[in-house]
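These notes are about the structure you will find just below.
The values are calculated or read from the model by the stated rules, or taken from the named source; none is laboratory data. Here the structure is a predicted model, which is why all the values come from computation and not from measurement. Every residue, glycine as well, gets a Cβ built from its backbone with ideal geometry; the counts of neighbours run over all protein chains shown. For accessibility, only protein heavy atoms count, side chains too; no ligands or nucleic acids. Shrake-Rupley method; radii C 1.70, N 1.55, O 1.52, S 1.80 Å.
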Amino acid sequence: MMTNSDGFTVCLWFDGQAEQAVDYYLSVFRDSSRGRVTRWAEGGPGEPGSVLTAEFTANGQRFVALNGGPQFTFDEAISFQIHCADQAEVDHYWQRLTEDGGQESQCGWVKDRFGVSWQVVPAVLPQLLTGDDPAATARAMRQLMGMGKLDIAELQRAYRGE
């Protein structure tokens, strides 16, 4: 149950897919848990007894999935960064988020099957893009701009000028 007044909770608007989305995110993120589910009551616009909201936590971030209807959809103006310790984590999230209808994009961005945008970011990336050597950071940036899924070894080679 999400009762902590510290921080914030991200609300994700779905068109009848809130439960499926929560199940999916719980399977993708290793440190996740399910929270409270509320249902539509008589007199509301939703089918009585159907899911209105489903709370969950993924990687320590609180979310609520709302079955709000077809009025609003996701776009890339909002995305979530997934900070990855190594290439294995990058590969895991990239594969899971692009499966079953997800879409690959460039520079480590993906859109999952529900249309939510994610940035799959290796922990070393900020160091490669903000180093003391402007030529090295420019090489890493050029390499990054040509990638879909980020390849840490390729980014490091570009930074080193190899």
Please verify whether segment 29-44 includes one or more residues that are in contact with a Leu (Cβ under 6 Å, 6 or more places away or on another chain), under 28 Å from Pro126 (Cβ atoms) and touching a residue at least 12 places away in the same chain (Cβ under 8 Å).
-> yes
Just to be sure, is Phe8 modelled with pLDDT of 95 or more, among the hydrophobic types (A, V, I, L, M, F, W, C) and in contact with a strand residue (DSSP E or B) (Cβ under 8 Å, 6 or more places away or on another chain)?
-> no
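Please go through segment 34-59 and pick out each residue that is farther than 23 Å from Val110 by Cβ and touching a Phe, Trp or Tyr at 6+ places or on another chain (Cβ under 8 Å).
So the first thing to find is which residues in segment 34-59 are farther than 23 Å from Val110 by Cβ, and the list is 34-53, 55.
If the condition is that a residue be farther than 23 Å from Val110 by Cβ and touching a Phe, Trp or Tyr at 6+ places or on another chain (Cβ under 8 Å), then Arg34, Gly35, Gly46, Glu47, Pro48, Gly49, Ser50, Val51, Leu52, Glu55 are the ones that fit.
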Kindly indicate the residue of segment 46-73 that is hydroxyl-bearing (Ser, Thr, Tyr) and farther than 14 Å from Phe8 by Cα and also surrounded by the fewest Cβ atoms within 10 Å (Cβ to Cβ) among those meeting that condition.
-> Thr73
When you go through (1) modelled with pLDDT of 95 or more; (2) under 16 Å from the mean Cα position of the chain (by Cα) one by one for Asp86, which number turns out not to apply?
-> (2)
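Among the β-branched types (Val, Ile, Thr) and either open to solvent by less than 20 Å² (accessible area, probe 1.4 Å) or within 27 Å of Gly68 (Cα to Cα) (or both): which single residue out of Val120, Val124 fits that description? Reasoning before the result, please.
On the way: Val124 fails: either open to solvent by less than 20 Å² (accessible area, probe 1.4 Å) or within 27 Å of Gly68 (Cα to Cα) (or both).
That would be Val120, the only listed residue that is among the β-branched types (Val, Ile, Thr) and either open to solvent by less than 20 Å² (accessible area, probe 1.4 Å) or within 27 Å of Gly68 (Cα to Cα) (or both).
Can you give me the number of residues within segment 62-96 that are in contact with a helix residue (DSSP H, G or I) (Cβ under 8 Å, 6 or more places away or on another chain) and within 19 Å of Glu19 (Cβ to Cβ)? Give the derivation first.
Looking only at segment 62-96, we keep the residues that are in contact with a helix residue (DSSP H, G or I) (Cβ under 8 Å, 6 or more places away or on another chain), and these are 63, 65-67, 82, 84, 86-87, 90, 93, 96.
In the following step, the residues that additionally are within 19 Å of Glu19 (Cβ to Cβ) were identified as 63, 65-67, 96.
Residues in segment 62-96 being in contact with a helix residue (DSSP H, G or I) (Cβ under 8 Å, 6 or more places away or on another chain) and within 19 Å of Glu19 (Cβ to Cβ): 5 in total.
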State which residue is surrounded by the fewest Cβ atoms within 10 Å (Cβ to Cβ) when the search covers only segment 129-145 and only residues that are in contact (Cβ under 8 Å) with a residue 24 or more places away in the chain and within 21 Å of Glu104 (Cβ to Cβ).
-> Met145
